[in-house]
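Report on the following structure.
The values are calculated or read from the model by the stated rules, or taken from the named source; none is laboratory data. Quantities reported herein were computed from a predicted structural model and do not represent experimental measurements. Here the Cβ positions follow ideal geometry from the backbone for every residue, glycine too, while neighbour counts run over all protein chains shown. When the accessible area is computed, the model is the full protein with side chains, heavy atoms only, and any ligands, DNA or RNA have been set aside. Shrake-Rupley method; radii C 1.70, N 1.55, O 1.52, S 1.80 Å.
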Amino acid sequence: MTTRMLYATDMETLEGFPSLPTLVRAEQSSAAPHATDMETLEGFPSLPTLVRAEQSSAAPHATCRRLALGLCSLALAACGTAPPAAPAATPAAPPAVVVATPAPALVAPAEPVFAAPATARAALVASLVTIAPAKIIGDLDALSRRLELPMMLGRELLTAIGGMGLLGDSVRFNAFWDRLDPAAPVAVVWVLPPQSTSKGFCTALTFRNAAAARRSFEEMGAPGAARNGVSERRTPDGDVLWGGVKGRTLFVSSSAEALLLAGGLAEAAQVAPSTGQIVATVLPPALIAASGKTRDALVAEAASLLAHEAQSGQGLATPAFQRMVVALLEAAAKLALDSSAVRLVLEVGPNDGVMVQSELVPAAGTDFAARTARRSPYAFDAKLPVRDDSTAVVAIGNPTDWLSMAGKVFEATGPAGQELWRDSNKMFAATGEWSCVFDPAGAGFATLCSSTLKPGTSAKAGLDAAVALVKAQQAWEAEIYGQKLSPLKIKRTGGVVEIEKKIENRDPIARNLAKALAGGDTVRTALTVKDGRLLQATGREARKTLASYGTSGSGKGAPLVAAALARSQGAEGMASVDVVSMVLRVLGKGKDLPGSQMAAMAAALPGMAEMKAPFLFTLRGGRSLTGDFRIPLGSLESVAKVVRSMFGPAGAGPSK
């Protein structure tokens, strides 16, 4: 092999001879495939070319001449008259040794050096973390198969994203998608350090290998400046991105400063969430610090802005209504700013359907933390009639701890609002937990609510408190609408109080909506006390609804409602509502309501009349205030039946 290599080197430059070095190199490359691979890698030196250049720098013709002269001298010494004397033994020539020229070491692109997460964490204001995107697509496809849908939701979503032109055409997007590590989470962090230019986001995306990460960033735009292991790309739309590759992970930001500050935070955040597929987190204390203002100053600023927006907003005609909206949003802002973290969680999959969760974690020592820690779970009254899964069910614990916050919203409207707050306090001081059911009736809807009277509260006191609250509500509505309303009609018969209220909203949409719910021009309410509980019924036949209490409350025909009650046990509040069916019914009964024609078309779809798909809402206190919105798997299966019927035979089988 050594002689062959030397001969190949000598003969390589001789004209008229076959290019033996080419053959030798081909043989060598078959034995060392990595050499061939390295020769074609973009951005790396061509090692075989460097080696061949070094070899060709020797004088191959001189070597040939030396070899020829040696052979000729040996032949002449052998031609003589006398026999040659035995030659003295000479040591054998050492074998030729080929000394390989050291190949230059590969120089990998410099990796960025990020600020330590502990140093940068004070500037962190928000983050977004997802499980591996491929896993989300897989979960959606698994849900499609579970529901036997005629389409694969995950693939449809991926196709839709690819068609948005985020990374160019769909071909380039698909190539980008294929390079991503199918098991690695994705993280985005936002930093906002006070009095610093290092502001912005940083995204961490892990690929199958480092080359894939670099190529993906190169395809994002034309190259620009580079420094400290990060470089610039200018997109076709004119945006500027900065990126750097560390290991197999690509870090992208809108500025080099934000990238170098937040890269370590993004890297540390690449951990799959313990709950949900996507988790967004906002840190209010960091936002307050970044603003350079106090919490109270920010609330006052927000209230001023909201007041300006309310005054210029359509539909907020009366000053009382404007003040109420501002007070409501101001209260929400205070809750958010009194939180150490605000989270939003999303999950869609084959095991638990759809879940959207919001969580407010109160800051230690705040009034918000004290209220949230005082638990008041609901207790659903099993004597309320639950007909089937289309029956809406609502239950709350005693809301006394939150009345002061709600009171400020009511008081903002004026004297009537202040009176409403006082009567609400009296009502909830006399009663405990509340439960309600809401069912379609022959005309409109029928509602029946129940609450235990607290010890020491007589039936008369309970009824009087309820009647006073209805009166206060009537006066408050007149205040926020800016109009004089007709007086209530109140009639007492034995232990039952009946109240009639005329619908007089000036806004046509609100008026038609109220009429659709009430089943006419008048809202009828009936009140009584039975078995130590205050009962309140509303609807066109309120007294008849009141009499249904305790007659059909087993709920055996409502498995989805029963599952919702079981799942939300221990929560401060819950609601199981067949939103789709209710909206279609209201729009179908309402006159001149927006969307009524579309609702009529949807109601005519095969299977829509039988569809029962309640959504579940829960509110839970404790260490944090958590609100859940869920579409259970059973509800999705009910919706899927209607979807399959829309596609006919093509939608009958499971997705593949």
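For region 134-150, what are the residues that are open to solvent by less than 50 Å² (accessible area, probe 1.4 Å) and either modelled with pLDDT under 95 or over 23 Å from Arg215 (Cα atoms) (or both)? Break it down into steps so the answer makes sense when it comes.
If we filter region 134-150 for residues that are open to solvent by less than 50 Å² (accessible area, probe 1.4 Å), which is where we start, we get 134, 136-144, 147, 149-150.
Within region 134-150, Ile136, Ile137, Gly138, Asp139, Leu140, Asp141, Ala142, Leu143, Ser144, Leu147, Leu149, Pro150 qualify.
Test Gly456 against the stated conditions and say whether it is open to solvent by 50 Å² or more (accessible area, probe 1.4 Å), modelled with pLDDT of 90 or more and out of contact with any strand residue (DSSP E or B) (no Cβ under 6 Å at 6 or more places or on another chain).
Spelling it out, Gly456 is indeed open to solvent by 50 Å² or more (accessible area, probe 1.4 Å), modelled with pLDDT of 90 or more and out of contact with any strand residue (DSSP E or B) (no Cβ under 6 Å at 6 or more places or on another chain).
Taking region 469-510, which residues are of a type in the set (Ser, Thr, Tyr) and out of contact with any Ser or Thr (no Cβ under 9 Å at 6 or more places or on another chain)? Lay out the reasoning, then the answer.
Restricting attention to region 469-510, the residues satisfying the condition of being of a type in the set (Ser, Thr, Tyr) are 481, 486, 493.
Residues satisfying the conditions are Ser486, Thr493.
Any residue in region 478-506 that's more than 16 Å from Asp521 (Cβ to Cβ): show its pairings with residues that are in a helix (DSSP H, G or I) and open to solvent by 50 Å² or more (accessible area, probe 1.4 Å) at Cβ separation under 6 Å, as long as the two are six or more apart or on different chains.
Qualifying pairs under 6 Å: Ile480/Phe321.
Looking at (1) in contact with a Ser or Thr (Cβ under 7 Å, 6 or more places away or on another chain); (2) at pLDDT 85 or above, which is the only condition Ser548 fails?
For Ser548, the exception is condition (1).
Could you tell me whether any residue of region 531-540 is at negative phi, without any contact (Cβ under 8 Å) to a residue 60 or more places away in the chain and buried (at least 16 other Cβ atoms within 10 Å of the Cβ)?
no
Of all residues being β-branched (Val, Ile, Thr) and under 18 Å from Ala341 (Cα atoms) in region 116-129, which is surrounded by the fewest Cβ atoms within 10 Å (Cβ to Cβ)? Just the residue, please.
Val125
Test of understanding: among Ala286, Ala266, Ala290, Ala280, which residue is in contact (Cβ under 8 Å) with a residue 40 or more places away in the chain, touching a Cys at 6+ places or on another chain (Cβ under 6 Å) and buried (at least 17 other Cβ atoms within 10 Å of the Cβ)?
Ala266
What helices (runs of 4 or more DSSP H), lying completely within region 218-328, carry at least 2 residues that are small (Gly, Ala, Ser) and under 27 Å from the mean Cα position of the chain (by Cα)?
The qualifying helices (runs of 4 or more DSSP H) are 256-269, 284-291.
Pairs only if they're at least six apart or on different chains, beta carbon under 6 angstrom, first in region 400-412 and more than 15 Å from Ser376 (Cβ to Cβ) and part of a helix (DSSP H, G or I), second open to solvent by 60 Å² or more (accessible area, probe 1.4 Å) and modelled with pLDDT of 85 or more; list them, first residue then second.
Gly407/Trp421; Val409/Leu328; Phe410/Trp421; Glu411/Gln418; Glu411/Trp421
Would you please name the residue that is least open to solvent (accessible area, probe 1.4 Å), looking only at residues in region 158-176 that are under 27 Å from Thr281 (Cα atoms) and free of Cβ contacts under 8 Å to residues at least 40 places away in the same chain?
Ranking the candidates gives Gly162 first.
Scanning region 305-325 for residues that are open to solvent by 50 Å² or more (accessible area, probe 1.4 Å) and modelled with pLDDT of 85 or more, which turns out nearest to Lys199 (Cα to Cα)? Give the derivation first.
Initial filter on region 305-325 (open to solvent by 50 Å² or more (accessible area, probe 1.4 Å)): 305, 308-309, 311-312, 314-315, 317, 319, 321, 323.
Restricting the remaining residues to those that are modelled with pLDDT of 85 or more gives 319, 321, 323.
Values: Pro319: 40, Phe321: 39, Arg323: 36 Å.
Result: Arg323.
So which residues in region 584-621 are touching a helix residue (DSSP H, G or I) at 6+ places or on another chain (Cβ under 7 Å) and closer than 30 Å to Trp402 by Cα?
Pro614, Phe615, Leu616, Gly621
Could you list, ordered by first residue, the pairs with Cβ atoms under 7 Å in which the first is in region 342-356 and in contact (Cβ under 8 Å) with a residue 24 or more places away in the chain and closer than 9 Å to Leu143 by Cα and the second is among the β-branched types (Val, Ile, Thr) and open to solvent by less than 50 Å² (accessible area, probe 1.4 Å), at least 6 apart or interchain?
Val348/Val354; Gly353/Ile631
Hey, can you tell me all the residues within region 203-240 that are closer than 24 Å to Val271 by Cα and touching a strand residue (DSSP E or B) at 6+ places or on another chain (Cβ under 7 Å)?
Selection gives Thr203, Ala204, Leu205, Thr206, Phe207, Ala210, Ala213, Arg214, Ser216, Phe217, Val230.
Quick one: Asp296 ticks every box in (1) in contact with a Phe, Trp or Tyr (Cβ under 9 Å, 6 or more places away or on another chain); (2) open to solvent by 60 Å² or more (accessible area, probe 1.4 Å); (3) of a type in the set (Asp, Glu) except a single one, so which number is it?
So the condition that Asp296 fails would be (1).
Being surrounded by fewer than 18 Cβ atoms within 10 Å (Cβ to Cβ) and within 26 Å of Lys460 (Cα to Cα) is the filter here; which residues of region 501-521 pass it?
Scanning region 501-521 gives a single hit, Lys502.
Considering only residues of region 585-603 that are open to solvent by 80 Å² or more (accessible area, probe 1.4 Å) and over 31 Å from the mean Cα position of the chain (by Cα), which is modelled with the lowest pLDDT? Give the derivation first.
Kept after step one, since they are open to solvent by 80 Å² or more (accessible area, probe 1.4 Å), are these residues of region 585-603: 589, 591-592, 594, 597-598, 601.
Of the ones still in play, those that are also over 31 Å from the mean Cα position of the chain (by Cα) are 589, 591-592, 597, 601.
Numbers: Lys589: 78, Lys591: 69, Asp592: 76, Gln597: 82, Met601: 85.
In this case the residue turns out to be Lys591.
Per-residue answers, yes or no, for (1) surrounded by fewer than 19 Cβ atoms within 10 Å (Cβ to Cβ); (2) in contact with a Phe, Trp or Tyr (Cβ under 9 Å, 6 or more places away or on another chain):
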{"position": "Pro614", "(1), (2)": "no, no"}
{"position": "Gly621", "(1), (2)": "no, no"}
{"position": "Leu625", "(1), (2)": "no, yes"}
{"position": "Asp628", "(1), (2)": "no, yes"}
{"position": "Ile631", "(1), (2)": "no, yes"}
{"position": "Ser635", "(1), (2)": "no, yes"}
{"position": "Ser638", "(1), (2)": "no, no"}
{"position": "Arg644", "(1), (2)": "no, no"}
{"position": "Phe647", "(1), (2)": "yes, no"}
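Anything in region 585-604 that is assigned to a helix (DSSP H, G or I), free of Cβ contacts under 8 Å to residues at least 12 places away in the same chain and in contact with a Leu (Cβ under 7 Å, 6 or more places away or on another chain)? List them, or say none.
Restricting attention to region 585-604, the residues satisfying the condition of being assigned to a helix (DSSP H, G or I) are 585-589, 596-603.
This time we only want the ones that are free of Cβ contacts under 8 Å to residues at least 12 places away in the same chain, so: 596-598, 601.
Answer for region 585-604, where residues must be assigned to a helix (DSSP H, G or I), free of Cβ contacts under 8 Å to residues at least 12 places away in the same chain and in contact with a Leu (Cβ under 7 Å, 6 or more places away or on another chain): just Ser596.
This table checks each residue for (1) over 39 Å from the mean Cα position of the chain (by Cα); (2) within 27 Å of Leu587 (Cα to Cα).
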site	(1), (2)
Lys471	yes, no
Ala478	yes, yes
Lys489	yes, no
Ile499	yes, yes
Lys502	yes, yes
Arg506	yes, yes
Ala518	no, yes
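If you check Ala468, Ala478, Ala443, which single one turns out to be assigned to a helix (DSSP H, G or I), at pLDDT below 95 and surrounded by fewer than 20 Cβ atoms within 10 Å (Cβ to Cβ)? Break it down into steps so the answer makes sense when it comes.
Numbers: Ala468 fails: at pLDDT below 95; Ala443 fails: assigned to a helix (DSSP H, G or I).
After applying the criteria, what remains is Ala478.
Matching residues to (1) more than 30 Å from Arg492 (Cβ to Cβ); (2) assigned to a helix (DSSP H, G or I):
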residue	(1), (2)
Gln536	no, no
Lys544	no, yes
Ala566	yes, yes
Ser576	yes, no
Val580	yes, yes
